[in-house]
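Each value in this text was obtained by applying a stated rule to the coordinates, not by laboratory testing. From a predicted model like this one, the values you see are computed outputs, not experimental measurements. Quick reminder, even Gly has a Cβ in these numbers, built from the backbone with ideal geometry, and neighbours come from all protein chains shown.
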């Protein structure tokens, strides 16, 4: 199981939980599980999210492997100037 | 667009062309205002009359101890003229504040005057210097005080067909000098939010015997503030005299709120500028504070 | 792709300052920018724009314009389809108003004609009937229930109740218990701030040349930060396959984020399709200000608690950003960045995006961060003043470091904030004496930096020189840095490498030049492409020598046997290998395609000394120093250039730059005269101190540097002014009328 | 619209062109003579990207009519280098990274050359004020000022 930190405005979709646990080995699985288990997250996941894995921000990479002890943080999809 | 371009050889010819033009016409000298307006679509012209071919239009000549400056003399040329710079440093510093080095390569004092902007930098300085403009029109030639030419933003007292052919900066006695200061948010490339020109004459003891103080960008036209002059005439520009002068300047303001500044700001700052310009002029004239 | 294990690598080319490859073209006037292209039979395109801030377009009559001699095509929204994708539809509607003009300057029609004069005349003949609607340009007003609604039904599911429909999204970040945190504080300060919208102010107006042929193929030449993005947007809007539209990026005269989308390109393509001729559109400066993408304006509240010894106990912010007439996500980045510099137990940020009748914002250097960090750094500074604490020491005490749980969630890896603060503390600027009416300001800054989709093709020419094809427009010297990294990796001299920027047909998809990503991502891909080419070369040499491929190594531009056991062979140089490539298997190349991650966040610290004229409110900058972690400065001149340029843009933002709207909702200062970017005489030298704390996500340790430097100047200058005259302003710009008013009110 | 026939000299070459009376010198240079080194950043004399010399004076070519070029001598960035030999300002701008995007560079080079002809040994402040009409949004001006100083020293033979 992977613990995922959810940002504030999405917590209404996770019954107010800051962290949720899902069974996933990579980002693709993680996003799929989140969308299934917390349907309220689906619109945001479809609009785009980034994921921080142990402090490093990934914007799209589905197959990035997640270790059982990894810190995973969901973030909005971001752009720069 | 069917704008025509004419480049007459004499002032009379220019006046006649302008007088007989049924459409919208403008004079082109340095072009740093008229071409901006044309380009920005603020004006649509039927005719542009380039006056740079006129006789003596690019000349600076000595006259009665002063200087006559042709209407096509650019800021860059004027600034290189040691005689004018020595006699009227405030007029020169005002004119040189207009635009960039590039704009100085083309801009003219006559153009700055005839554009009719309340924020024109050289106009308060010329007014303080008691400069006159020579005007040629369909009915001949006349001279007019510089401060009587702008009548409202963008408008002048010139009648149809009239053009300014030169500006005359008069002689002045020893122990006299002028100075100009403006406020702009940037150091350069900006339009005066408020400005002040001060021209002084001193006696041998350093007492101010005559003063002309002109303010810009604080009213629809340049304002000569006699009440402010009176505050410093007969003084050595002590703090109290300066404070009174500054207050008189602020009292003479009739500014607007716009994107460049507020009524409050213009009113306050113009007094500060007048005070500082007076001190610079006083020092240039040989006075010691 | 992680940082090379040989961490103590001695670089030969990286870190030097060679001349940039495009230098001669640019100093001789030969470089081709957006407006410099021409094509045979080319027409001039011009755009008619809304004179109203908000109006229904009842009808457009183009018949008189079409009838004008020399006019070859007129287009309106009716000439475009309705894309399925909402974000594409927004881009299209921004390029050509659909039914409603949403801001002053919104495009409503366009013409293509033989000459510019005819095109301008034709615009005047287009009759548009408008029904003028109430408008709103201020963010706080737009949020209130009852405000004029810019677009209906655009709010996302997560917006709380009680706002007007203009509030399109809401975001929240943070951790810890604020109540507990504030209770521990000895001093709590809460302040409200506003910042004006500013423009990137690139000197080159947008320009493009479009050519559509009757068989549906299109070519587009334009100044852009991302030709692939332009292709995606234009192909969708025009209903074309991506393969049929080739986009070539010209040299680009500045972007800073503002050239990451399209404004005129689809219009030029539509005019070209309709006229059957190439069409060039060049924006005027007036159009650039009115109808491209400035940054957001903001209204913000910040509350911070601090102990008497300078420890921040809790921090909270509410950010309200307006990004113009279409939804945008800038506030999310502001909300995440706001407190990123600090190691906090309790932090909470809420942000709202708001629609107004202004042009849709575009990215501008660290989008969303400068204003949020301005507000935070102002309150931190005020707390230092109130508690009598040294502002630099307080920041050191609270600075984020490796292991800090960031305000946006993840735990920081190696970051350079502390080192940067220490460098500032040790710098002579920090202790230089100050005179009357002078003050010294300090601020930290932060930006995420991004990687992204990147392709690089590296070809070994038959003479052993190197051609690199990459896909990101060079906005500030990146071709030099990329050539350096290739030269470093291949062991060849810098001048043997030439890097060019490909059109969209010559390479796979590359993300836009944004997010400080190019030197990082393209550099990374170049290094990997070089390694792939090296692998090919070593393989060829192994065959020649008849030894195992693993027994050949690459050193100093030569293939060598890996050791005595591999055999005794004379090393083969890249020139020798290239010369016989026909015999050994054909051309030699290395490619690399990646969606790069691991860009590594970046921190900066700025110090400024100012003098305020108490009689006029004018602020003069006396001294300015930028400290920033570059990871590894590949070409230090251009790293310094980014630091200096970003700082000066921030200085303009702090002091004078602003979008000024009248009560009529019209933009009042759409020109460089009254939109006051700093000129040379406004500024001192901008001193720079580059720190190099290697980024673990890049083989050479490179970090993006382009965006962070615009973040700190806002608070740096506000803090300096506050210390110079004892008055703190809570709005930007700190224009002289505002400052003088505050000075006089204080008395 | 009647076009006018103009004879002029551009970078020392006798040149003729026709243009409309309301066409700017900048448009003539770029669109009729193919000299696209001068850039249009604003069209209103506020950015300096179109700087050229007109009879030896530095001007914004967007604020000059093409017809005013009759009998004049015009200098543009294309005339700075002598053959393949760059002007010291050009070389030092490259060597000292005084350009990033490069769009303002032609105008700044023409302006800086005009300055050094008038004042071979300017102070930093004199350079900053002389170049105040040339906006640069990339560099923060620092490296431009330094490159002009280095070029000036080199041209003085210092």
Exercise for the section: Quick one: among B:59, B:33, B:257, which has the greatest mean-square fluctuation in a GNM of chain B with alpha-carbon springs under 10 angstrom? Expected result: B:257
Practice task
Between B:245, B:126, B:189, find the one with the highest GNM mean-square fluctuation for chain B; connect C-alpha pairs within less than 10 Å.
Solution key: B:189
Fill in the blank from the handout: Honestly chain C on the Cα gyration tensor test (a ≥ b ≥ c root eigenvalues; a/c under 1.5 rounded, otherwise a/b vs b/c for prolate or oblate) is just oblate
Practice task
Kindly state, to the nearest 0.05, the FRET efficiency for residue C:63 paired with residue C:668, given R0 = 60 Å and r defined as their beta-carbon distance.
Solution key: 0.95
Problem - Span from the segment C:125-145 Cα centroid across to the segment C:422-491 one, whole angstrom - result: 42
Practice task
Can you tell me which of C:311-317, C:87-93 comes out highest on packing, and rank the rest after it, using the mean Cβ neighbours within 10 Å?
Solution key: C:311-317, C:87-93
Completion exercise
Over the Cα atoms of segment C:378-489 the radius of gyration and the largest Cα-Cα distance (Dmax), both in Å, equal 21.8, 69
Problem - Inter-centroid distance (Cα atoms) of segment C:514-557 relative to segment C:254-320, Å - result: 40
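Rounded to the nearest 5, what % of the DSSP beta bridges within chain C are antiparallel ones? Please list the in-between numbers first.
Values: 97 of 127 bridges.
The antiparallel proportion sits near 75 percent.
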Completion exercise
Simple spin-label estimate for residue B:203/residue B:251, 7 Å along Cα→Cβ, in nm, reads 2.6
Practice task
Take the Cα atoms of the protein assembly as shown, find their three principal axes, and give me the spread along each one in whole Å, biggest first.
Solution key: 99, 74, 70
Fill in the blank from the handout: Expressed to one decimal in nm², the mean projection of the alpha carbon convex hull of chain D is 9.0
Fill in the blank from the handout: In Å, the Kirkwood hydrodynamic radius from C-alpha pairs for segment B:60-169 sits at 13.8
Fill in the blank from the handout: Taking N as the number of residues in segment C:70-118, the ratio of its alpha carbon radius of gyration to 2.2 N^0.38 Å works out to 1.30
Exercise for the section: State, to one decimal in nm, how far the label point of residue C:461 lies from the label point of residue B:56, with both points 7 Å from Cα in the Cβ direction. Expected result: 6.6
Exercise for the section: Using a Förster distance of 45 angstrom, determine the FRET efficiency expected from the C-beta separation of residue D:125 and residue C:498, and round it to 0.05. Expected result: 0.65
Exercise for the section: Could you please rank A:75, B:42, C:306, placing first whichever residue has the fewest other Cβ atoms within 10 Å of its Cβ? Expected result: B:42, A:75, C:306
Completion exercise
Compactness summary of segment C:597-747: radius of gyration and Dmax from Cα atoms, Å, are 17.6, 58
Handout entry: Average other protein chain Cβ within 10 Å of Cβ, residues C:346-353
Key = 1
Problem - Value of Rg to Rh for segment C:241-319 (Rh from inverse mean 1/r over Cα pairs, i.e. Kirkwood) - result: 1.30
Completion exercise
By the C-alpha gyration tensor axes a ≥ b ≥ c (rounded if a/c is under 1.5, else prolate when a/b exceeds b/c, else oblate), the shape of segment B:176-284 is prolate
Practice task
Rank these for me by crowding, C:349, C:292, going from fewest to most other beta carbons within 10 Å.
Solution key: C:292, C:349
Exercise for the section: Summarise the partner chain shielding of C:18-26 as one whole number: the mean count of Cβ atoms from other chains within 10 Å of each residue's Cβ. Expected result: 5
Exercise for the section: Using just the helices of chain C, give the 222 nm mean residue ellipticity in deg cm²/dmol: DSSP H runs with n ≥ 4 each add -39,500 (n - 2.57), and the total is spread over all residues, rounded to 500. Expected result: -8000 deg cm²/dmol
Fill in the blank from the handout: Counting every C-alpha pair in segment C:188-326, the percent lying more than 28 Å apart is 38
Exercise for the section: Kindly give the semi-axes, whole Å and largest first, of the ellipsoid equivalent to segment D:1-80, taking each as the square root of 5 times a Cα gyration tensor eigenvalue. Expected result: 17, 15, 11
Completion exercise
Scaled by the rule-of-thumb 2.2 N^0.38 Å, the alpha carbon Rg for chain B gives a ratio of 0.99
Practice task
Calculate the spin-label point distance for residue D:9 paired with residue B:148, positioning each point 7 Å from the Cα along the beta-carbon direction, and give it in nanometres.
Solution key: 4.6
Handout entry: Proxy reagent accessibility, fewest Cβ within 10 Å first, across B:106, B:175
Key = B:175, B:106
Completion exercise
log10 I(q)/I(0) for segment C:489-607, Debye formula on C-alpha points only (no solvent), q = 0.13, 0.16, 0.20, 0.21 Å⁻¹, two decimals, reads -0.65, -0.86, -1.11, -1.17
Practice task
Would you look at the GNM of chain B, springs on alpha carbons closer than 10 Å, and say which of B:228, B:40, B:71 moves the most?
Solution key: B:40
Fill in the blank from the handout: Using the Kirkwood radius over Cα pairs of segment C:465-506, the Stokes-Einstein translational diffusion coefficient at 25 °C and 0.890 mPa s, in µm²/s and rounded to a whole number, is 234
Handout entry: Alpha-carbon centroids, segment D:80-158 and segment C:591-655: separation in whole Å
Key = 22
Practice task
Give the value in nm², to one decimal: projected area of the alpha carbon convex hull of segment A:2-76, averaged over all directions.
Solution key: 4.1
Problem - Nearest-ten-degree value, helix B:11-20 long axis tilted from longest Cα axis of chain B - result: 70
Problem - chain D: angle of helix D:105-118 to the longest principal axis, Cα-based, in degrees nearest 10 - result: 80
Practice task
Partner chain Cβ atoms within 10 Å, averaged over the residues of C:326-333 - can you pull that number for me?
Solution key: 3
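Given the protein assembly as shown, what percent of its DSSP beta bridges are antiparallel, to the nearest 5? Write down the numbers at each step before the final one.
Values: 166 of 207 bridges.
So the antiparallel bridges in the protein assembly as shown amount to around 80 percent.
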